[in-house]
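Input: a single structure, listed below in structure tokens.
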Amino acid sequence: MSSQLFTPKHNTLARLTLLLFVGGAAGTLGLLDLIHRSPYVRYTKVRREQPVPFSHKHHVNMGIDCRYCHTSVEKSSFANIPPTQTCMNCHNIMWKESDMLEPVRESWRTGKSLEWTRVHDLPDFVYFNHSIHVNNGIGCATCHGRVDQMPLTWREEPLFMKWCLECHRDPAEFVRPDDKIYDMAYDPQELSREEREALVDAYGIDTSNHRMTNCSICHR
Amino acid sequence: MTTSRSPLMMTAALLFLLGTGCKPLFDIRKAMYDQPKFEPLEKTDFFGDSRSARPLIEGTVAQGQLRLNSHLYEGVELIDGDYRSAQTYPFEITMEDLERGQEMYNIHCSVCHGLSGHGNGMVVQRGYAKAPGFHRDALRQAPPGYFYGVIMNGFGKNMMPYYHQIPVEDRWRIIAYIKTLQRSQFAQVEDLEAVDALAPAEAVEHESPEHAHEHH
């Protein structure tokens, strides 16, 4: 044996180490990405705890329209969360003594806002606009799922970019008539493809030149 | 000895560097996700009440929010030198206005007052205080401004104000629709030709009573 430090055996070792590094790094990144996309991190279909256990299931099935509470959804980019005053319209009488509603009454007495946990939250570098969607034939249920069956609100979709793009490439798969936007049970597939394409034209949705997948409409 | 340990040490050191080196990377990414700007209703730690959107200081008027038109905003008109409930609408009511009024009535009022205004809405059926029907004589005579007052101030012990959830113009459209509902409950044959009683005169197209009839 010579006094050489590195023997041919070390060549393999070095290659192996390199491979391990590259593979390990790629693996770690891949794993991180998987975690990042998992329903666990995305809270997909996870019921969120709220200061008051507000149930859409109860309230929507009673016949209350989304716009009774989310008043700005058809006019502005943002769908507002109702102020305490809206709850007090009914809970000044209904379930007046219930402990469950004490935070609502406290907020009403003190003027301090209820702090609802956000269920959906896009990154701040994405621009989203409710009124554009709601006025162009996209129903709440297409994006938010059957809110009328949620005892506590959850997020139906993980809100990946590819999800936005899937529809922006071909809105004709998802559009519905104007009077069905707030209808939770309606299924856009009730209409034929031709009828939906006619709707896209009627709404004046312009998908030419990849306009709707242009980066700058969402990343402004 | 040294030769066999060094790759191990190197790996450990590199992993350590990778780990700590990534943290700023993650931080930068997070900073893009949650930027210092405030989205609507976003919480802040700066103000005691946690609201990032600040309430108006009393006595100030935001641009475009000056409300001099007391007919439109307060529902009163100067009648015989006195401010009284407006007898007319502050703008012409068209067929579109009535349709919008119907939509808004169904959203905001029907849950208690019922789709046809008999006071038997879903929430009342679940035990809320009985909401009055709109087809009593006194209410049939009441001018639009009276209803506007109820929307602004609430009524009696049990009805809360509704101005905070209904834009100004829509309040008037709701009232025009309630007036149509009232007529529809007592509709005479000649009403189908003459809807002019709906103030302001002539503004409403002649299909309106039929339109209201859809709701029985």
Exercise. Determine the residues within segment B:159-187 where the difference in accessible area between the chain on its own and the full set of protein chains amounts to at least 50 Å²; count protein heavy atoms only and use a 1.4 Å probe.
Key: B:Met160, B:His164, B:Gln165
Self-check item: Straight-distance crosslink candidates among lysines, where the alpha carbon sits under 22 Å from B:Lys157 and sequence neighbours closer than 8 are dropped
Solution: A:Lys96, B:Lys130
Quiz prompt | Cβ-Cβ FRET estimate between A:Lys57 and A:Thr110, R0 fixed at 41 Å, reported to 0.05 | solution = 0.90
Exercise. Would you mind giving the mean number of other chain beta-carbons within 10 Å of the Cβ of each residue in A:6-17, as a whole number?
Key: 1
Quiz item: Per residue, what volume in Å³ does the Cα convex hull of the protein assembly as shown take up?
Solution: 229
Self-check item: Within chain A, helix-based [θ] at 222 nm, where runs of 4 or more DSSP H residues each add -39,500 (n - 2.57), nearest 500
Solution: -12000 deg cm²/dmol
Practice problem: Starting from the Cα of A:Ser216, step 7 Å along the direction of its Cβ; do the same at A:Leu122; then give the gap between the two resulting points in nm. | Solution: 1.7
Self-check item: Hydrodynamic radius by Kirkwood, which averages 1/r over all alpha carbon pairs of segment B:91-187, in angstrom
Solution: 13.4
Exercise. Determine the distance separating the Cα centre of segment B:13-71 from the Cα centre of segment A:69-92; give it in Å without decimals.
Key: 21
Exercise. Go ahead and collect, in residue order, the members of segment A:113-155 whose backbone nitrogen is under 11 Å from a label point 7 Å along the Cα-Cβ direction of B:Phe38.
Key: none
Quiz item: How do B:Trp172, A:Trp154 stack up against each other in accessible area, from largest to smallest, with a 1.4 angstrom probe?
Solution: A:Trp154, B:Trp172
Quiz item: Between B:His118 and B:Asn153, what is the FRET efficiency for a Förster distance of 35 Å, r being their Cβ-Cβ separation, to the nearest 0.05?
Solution: 0.90
Quiz item: Setting aside same-chain residues fewer than 8 positions from A:Lys45, which lysines have a Cα under 19 Å from its Cα?
Solution: A:Lys57, A:Lys162
Quiz item: For segment A:139-194, what's the relative contact order in percent, using C-alpha pairs closer than 8 Å and at least 6 residues apart?
Solution: 47
Quiz item: Separation between the A:Ile81 and A:Ile132 pseudo-spin-labels, each 7 Å from Cα along Cα→Cβ, expressed in nm?
Solution: 2.5
Quiz prompt | FRET efficiency estimate (nearest 0.05) - Cβ-Cβ, A:Val41 to B:Met95, R0 41 angstrom | solution = 0.20
Exercise. Please give the solvent-accessible surface of A:Lys45 in Å², to the nearest 10, using a probe radius of 1.4 Å with every protein chain present.
Key: 120
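The values are calculated or read from the model by the stated rules, or taken from the named source; none is laboratory data. Model, not experiment: these values are computed from the prediction. For neighbour counting, all protein chains shown are included, and Cβ atoms are generated from backbone atoms with ideal geometry for every residue, glycine included. Each accessible area value is taken on the protein alone, full model and side chains, heavy atoms only, with ligands, DNA and RNA left out. Shrake-Rupley method; radii C 1.70, N 1.55, O 1.52, S 1.80 Å.
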